[in-house]
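The values are calculated or read from the model by the stated rules, or taken from the named source; none is laboratory data. A quick note: this is a predicted structure, and the numbers were derived from the prediction, not measured. When we count neighbours, we look across all protein chains shown, and the Cβ atoms used for this are built from the backbone with ideal geometry, even at glycine.
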Amino acid sequence: MATGTRRVSRVRSALARAVIDTRPLRVPQFRWLWFSTVATAVGSQLTAVAVPKQIYDITQSSGWVGVAGGVGLVPLLVFGLWGGAIADAVDRRTVMLVSNLGIAVTSALLWAQAAWRLDSVAVVLVLLGLQQSFVAVNMPTRSAAIARLVPIELVPTANALNFTTSTFGMVFGPLLAGALIPVLGLPTLYLIDTIALAIAAVMVWQLPRMPRAAEATGRAGLRDIADGLRYLAARKLLLVSFLVDIVAMVAGMPRALFPEMAERTFGDPPGGGAALGWLFAAIPLGSVVFGLFSGWFSRMARAGAVITVAVVAWGLMMVGFGLAPTLWLAVVFLALGGGADLVSA
């Protein structure tokens, strides 16, 4: 009898460790932040699918879709560095509100240009670049706010919960986009994102003020960014991992091909459909699955060799994706590539 009780206890303990810890959601302030993250995580992915699809529909060129990817990447790199410095120097609630509203306004303008059928690549690219600038400031500020909203012992759990939510949005958002485009049309994706962002802004408004810490300088300038870069440069393994991952993702990321392949290779209707959603969701889906084994990867010796193997695996999976004759085989290759990306990161 006692043995059976111990077994049941061990099973319950194992299940408790396997299920994500939701204790931070008992903290009202964090709950507001988390719900706003849910809204932005899903909504932003609708726009992330709509923009390349609209660019392709206008130009019938994957090259222009690639240009859109570059336009979106540059602000993330530039303002992403600055965003962390801003979060340390200014009231974080204010930064989140302003950047959240900026993203919402640009999504509303994207909806307007799509609904009015302007068919202007330049307008879409300008709005995309502006939106990604706000996103680059908003993301690190959200992460930095967590430590001010929950007790210190819950910070790691809250970070994990926030990361899980964002990753869920990267999987579910594209699948939702692929399901909605044939029914509601592409412009509606922008509108839903705008509404979700407006709701998120209301939730952020409920948060308490989070003024800069007493030890912070009150400046968010180039010196703060330079300090971060010097920290990165002093840690060679971290620097190599960062640079290799950036090169592999920029040079080998096939997202620019997704709209064309979804339509011409995998049978989506011209306006877009389920195949488009699956292609955009596959890489983050693979990262989620491989993330379940992240503890095993972190214990492997020779981290440099592991990163090298992961980058090579990423390249091979992208070759497999390019040669895949069916949608589901393509999704498998992309998902395996997403797992390799997680390991290399």
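Some values worked out for this structure:
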item	result
Complete set of residues in the stretch 321-339 that are free of Cβ contacts under 8 Å to residues at least 40 places away in the same chain and farther than 14 Å from L279 by Cβ	L323, P325
Neighbours by Cβ (under 8 Å, 6+ apart or cross-chain): first from the stretch 92-107, hydrophobic (A, V, I, L, M, F, W, C); second outside any helix (DSSP H, G or I)	M96/L207
Unmet requirement for A282, which otherwise passes all of (1) modelled with pLDDT of 95 or more; (2) of a type in the set (A, V, I, L, M, F, W, C); (3) outside any helix (DSSP H, G or I)	(3)
Test: residue in the stretch 147-156 that is crowded, with 21+ Cβ neighbours inside 10 Å, in a helix (DSSP H, G or I) and basic (K, R)	no
Unique residue being part of a helix (DSSP H, G or I), within 18 Å of the chain's Cα centre (by Cα) and surrounded by fewer than 19 Cβ atoms within 10 Å (Cβ to Cβ) when the list is L101, L46, L109, L77	L77
Residue match in the stretch 83-90 (condition: under 17 Å from the mean Cα position of the chain (by Cα), assigned to a helix (DSSP H, G or I) and of a type outside the set (V, I, T))	yes
Residue tally, condition in contact with a helix residue (DSSP H, G or I) (Cβ under 7 Å, 6 or more places away or on another chain), surrounded by fewer than 21 Cβ atoms within 10 Å (Cβ to Cβ), within 22 Å of E263 (Cα to Cα) and small (G, A, S), over the stretch 315-345	2
Selected residue (only one of L25, L73 is farther than 30 Å from R264 by Cβ and modelled with pLDDT under 95)	L25
Near pairs, Cβ below 8 angstrom, 6+ apart or cross-chain, from the stretch 21-42 (surrounded by fewer than 17 Cβ atoms within 10 Å (Cβ to Cβ)) to any residue that is hydroxyl-bearing (S, T, Y) and assigned to a helix (DSSP H, G or I)	D21/T157; R23/T157
Exclusive hit being within 29 Å of L334 (Cα to Cα), assigned by TED's automatic domain parsing to the domain that holds A39 and among the polar types (S, T, N, Q), set N159, N100	N159
